[in-house]
Amino acid sequence: MPEPLRRVDLPDFRRLIPALHLLRAFWIAVDLRKMVLAGVALVAYSGGSWLFDQWFLDPQAVAERELSRWPWQQSLEYHLDRAEAPLAEVVGGLHDPWNTLQRIGTNWKIGLRPITDVADPLVKLLSGNATWFEMAHSTLHLFWGLVVWSVAGGAMGRMAAVQFARDQQIGIWSGLRYSLRNFGHYFCATLLPLAGLAGLWVACAGAGLLGLIPVVGSTLVGIIWGLGLVAGFLMTLILIGVSAGWPLMFATINVEGTDGFDGLSRGFNYVYERPLQYLGYAIVCVAFSSFSVFFVWLVTQLVVYLTALTMAWGLGFEAARTFMADSPPLVVPRVLMPEAANVAGKSPIGPGPVLVGIWLRAAAVLVMGFVYSQFWSSTTIIYFLLRRSVDGKELDEIQFVADPERDHLQALMDNGATAPPPPVSSERLAGAPVDSLP
């Protein structure tokens, strides 16, 4: 008799190659709820930026910043050669796949944009040649960015953490409730090292004042210059730890449910205890984000292109293009953008182009929102991987705090009521109190 077929167990490639877990970031990030939340946060951040610019910048500088202030005005900077229409880029990739993959996969700036939004004001503060108005402007930008992303980034990170660890999804309001309850922890985890940096900065500035003392001032500065080098070394460690560990601080609070001090401790610890591993994960995430954002952007452009093309069968192609006169180039293929000379005197009567522009601005905000959703999803997965490497915890371990269960039968007996108990939520029927998460 023939021998029965033996079951062959395939190896767990994700355990052998932990970086494969990072590929889940796309499916976690391409979630309409996270993208909407990120889009609203981007609009709020841009609104604060507009207000600060009105206070501190001259009208010419404000006019220059207006060209790329709002999310739908920004560029993804892929610089594609065949982007007249989305299908042309796809066909061009088939003819020249290597060059196309190289251009798509090396747009690393897009994966790091959430960090640069917070880092740019800090760089301006540390430039050394900023005026008092520029320093005040950058400080407000820095604090507003920390406020916005402490709420929105914390909520997206919590949503991503639950989805990665338990393969369950929580809503926007559950994520926001969690981030608002822990807002002080997010904010303090980032602010404490910056406060230490400021303290060392002030100490060095005070030491520099000794140089103003007649006769002995120069000697005193020369003597204590060695202490200044120590302070500079500490400031360098703080800057590296904050820049690289900032998202890990948020992930600590989202996964462990602890405070800002634990977030600060783990963020710095993982960065300095596993620097090469963290760098490798970061490189994979940034390269993968470049491909992921391009895919979402290309699909969005294809949707807009096919919509306009089908409308053009009834309107006519040139008439359909005039409806794009007030639309953002981020999601509108160049072949559909009307030229200024052709639009004059040909725009349709009524609010049609304005309404089309509103719809397409919303689509552009969602595309930019995916950039930030991808970032917070990727950094959350990186935290899980580093935690397993450093602390030995499994990837499905996440902090849950459920509301205490009520004994409805005892309540009926005590009150003598005859009303039925309240219905059980769908999340509890699924086995996990998702909406009661902190």
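Being surrounded by 13 or more Cβ atoms within 10 Å (Cβ to Cβ), within 30 Å of ALA25 (Cβ to Cβ) and within 34 Å of the chain's Cα centre (by Cα) is a description that does not apply to LEU200. In the stretch 105-134, the residues that are farther than 15 Å from VAL371 by Cα reach residues that are of a type in the set (Lys, Arg) and at pLDDT 80 or above with C-beta atoms within less than 9 angstrom, at least six apart or across chains, in these pairs: ALA130/LYS124; GLU134/LYS124. Just one of the listed residues (PHE143, PHE133, PHE164) is aromatic (Phe, Trp, Tyr), closer than 25 Å to ARG24 by Cα and either in a helix (DSSP H, G or I) or touching a helix residue (DSSP H, G or I) at 6+ places or on another chain (Cβ under 8 Å) (or both), and it is PHE164. Of all the residues in the stretch 167-181, those that are crowded, with 16+ Cβ neighbours inside 10 Å and touching a Pro at 6+ places or on another chain (Cβ under 9 Å) number 2. All of LEU5, LEU67 fail the test of being touching a helix residue (DSSP H, G or I) at 6+ places or on another chain (Cβ under 9 Å), modelled with pLDDT under 80 and surrounded by fewer than 18 Cβ atoms within 10 Å (Cβ to Cβ), apart from LEU67. Listed by first and then second residue, the pairs with beta-carbon distance under 6 Å, at least 6 apart or on different chains, first residue in the stretch 35-53 and under 11 Å from GLY145 (Cα atoms), second aromatic (Phe, Trp, Tyr) and surrounded by 17 or more Cβ atoms within 10 Å (Cβ to Cβ), are SER46/TRP70; GLY48/TRP144.
Just one residue in the set VAL255, VAL215, VAL221 is under 35 Å from the mean Cα position of the chain (by Cα) and either part of a helix (DSSP H, G or I) or not polar (S, T, N, Q) (or both); that residue is VAL255. Restricting attention to the stretch 138-168, the residues that are more than 19 Å from SER243 (Cβ to Cβ) and touching a Lys or Arg at 6+ places or on another chain (Cβ under 8 Å) add up to 4. Of the residues making up the stretch 239-265, those that are in contact (Cβ under 8 Å) with a residue 40 or more places away in the chain and charged (D, E, K, R) number 2. Among the residues of the stretch 32-42, those that are among the hydrophobic types (A, V, I, L, M, F, W, C) and crowded, with 18+ Cβ neighbours inside 10 Å comprise MET35, LEU37, ALA38, ALA41, LEU42. From the set of residues in the stretch 209-252 that are of a type in the set (Ser, Thr, Tyr) and within 27 Å of ALA161 (Cβ to Cβ), which is surrounded by the fewest Cβ atoms within 10 Å (Cβ to Cβ)? Among those residues, the one meeting the criterion is SER243.
Scanning the stretch 150-170 for residues that are within 26 Å of the chain's Cα centre (by Cα) and free of Cβ contacts under 8 Å to residues at least 40 places away in the same chain turns up at least one hit. Look at the stretch 376-395 and say how many of its residues are of a type in the set (Gly, Ala, Ser) and over 17 Å from TRP27 (Cα atoms). Of the residues in that region, 2 qualify.
The values are calculated or read from the model by the stated rules, or taken from the named source; none is laboratory data. Please read these numbers as outputs of a predicted model, since none were measured by experiment. Ideal geometry is used to build each Cβ from the backbone, glycine not excepted, and the neighbour counts take in all protein chains shown.
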